[in-house]
Amino acid sequence: MPLTRNNNLNGNTNTVFLPNTATSGNLGVAGNANIDGNLNTNGNVSMTGNLSVIGNMLYHATTNQQTGLSYALALSDDGKIIEMNNASANSLVIPSHNSAPYPIGTQITIIQTGAGQTTVSGSAEVTINAGVQSVANTAKLRAQWSSVVLLKRSSNVWLVMGDLA
């Protein structure tokens, strides 16, 4: 079933079956989607409900490379890999929910590609929880090529998991 432009599929049974579907626009599904075959899209796929995939599901994260001494996450960084590449110590700041309303469950990967140690901190309203903390509400990546994943747990609470100092 090829689809074009923006397609919103709302079935009376609250379930949409998509065998070998291609779309050149956005695909919005309210309810459940079962994909039995291929789903190719050049647009966005948005779901409210469950997604069931029989076969492989491929996901390729976009990389956002940063070379400055400080970078504040933007809402567009949701699901991305942020590379902090600086020879000097640098910082990544998690903004408050009011500034960047990420959905709960958002995950963002941080990689320290430069020699300068990356410190993850939150704006004044943000609480950061990490297994190792040298200063309250901050977490430092251990070394060059260390990585962490940020996980949003509630409005202004984030968990930092990974290779921390």
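All of the numbers you see were taken from the coordinates with simple rules; none came from a lab. Predicted, not measured: the structure shown is a model, and the values here were computed from it. Virtual Cβ from ideal backbone geometry, glycine too; neighbours counted across all protein chains shown.
What nm value, rounded to one decimal, do you get for the distance between Ala89 and Leu58 when each label is placed 7 Å out toward the C-beta? Going from the Ala89 label point to the Leu58 one covers 4.3 nm. The label-point distance for Ala74 and Leu151, in a model that sets each label 7 Å from Cα toward Cβ, rounds to 2.8 nm.
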